[in-house]
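The values are calculated or read from the model by the stated rules, or taken from the named source; none is laboratory data. Since the model is a prediction, treat every value here as computed from it, not as a measurement. In this analysis, Cβ positions are derived from the backbone assuming ideal geometry, glycine residues included, and neighbour counts consider all displayed protein chains.
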Amino acid sequence: MSEPTQAEHPPQPFPLQDPAGDEAREHTHPHDHASEVAHAREHLRENNFWFLCVFLPVILMTFIAFNVDFGPYNKPITWLLAAARSACIAAFLAHLFKEFSFVFRTLFFTLIFLAGMIFLSLWDSEVRGIGNPIKDVVHPETDKV
């Protein structure tokens, strides 16, 4: 007995979606283009407001702070503006995803990672009492102490 050839039984395409489900959805939920456009415009207004009234001023303050000397307050202002930018981005992503647990887990991991990197940087620094810089024990004359 011979096996059937491909011409006798052509391969069936793998359905990515249930065609009956699409037809059933179309009949139960009519497609209303005007309401979709109105919904998209509402989101556009919200996103534009967020960008123009929250994120853009923080970016402009960062630019101004870069060009102005605040004396001993340069570092705290820089850290504050960096934290504000990060908070704006995190809040926007939280709004997009509507899933706060994912965003907070990611933020928590990021903060732990940042703290670890700061610790490693300080550990390898020459800050007295904190760091122990890596020395070249083979060529100690190259160390500039």
Count of residues meeting criterion [in contact (Cβ under 8 Å) with a residue 24 or more places away in the chain and touching a Ser or Thr at 6+ places or on another chain (Cβ under 8 Å)] in the range 55-97: 1
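Yes/no per residue for (1) surrounded by fewer than 14 Cβ atoms within 10 Å (Cβ to Cβ); (2) acidic (Asp, Glu); (3) not assigned by TED's automatic domain parsing to the domain that holds ASN48:
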residue: ALA82; (1), (2), (3): yes, no, no
residue: ARG85; (1), (2), (3): no, no, no
residue: CYS88; (1), (2), (3): no, no, no
residue: PHE109; (1), (2), (3): yes, no, yes
residue: PHE113; (1), (2), (3): yes, no, yes
residue: SER121; (1), (2), (3): yes, no, yes
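Among the residues of the range 64-79 satisfying the criterion of being surrounded by 14 or more Cβ atoms within 10 Å (Cβ to Cβ) and of a type in the set (A, V, I, L, M, F, W, C), which is farthest from CYS53 (Cα to Cα)? Steps first, please.
The first filter runs over the range 64-79 and keeps only residues surrounded by 14 or more Cβ atoms within 10 Å (Cβ to Cβ), leaving 65, 77-78.
Now drop any that are not of a type in the set (A, V, I, L, M, F, W, C), which leaves 65, 77.
Working: ALA65: 18, ILE77: 20 Å.
Across the range 64-79, the extreme among qualifying residues is ILE77.
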Qualifying helices (runs of 4 or more DSSP H) (wholly inside the range 1-95; at least 2 residues being at pLDDT 90 or above): 56-67
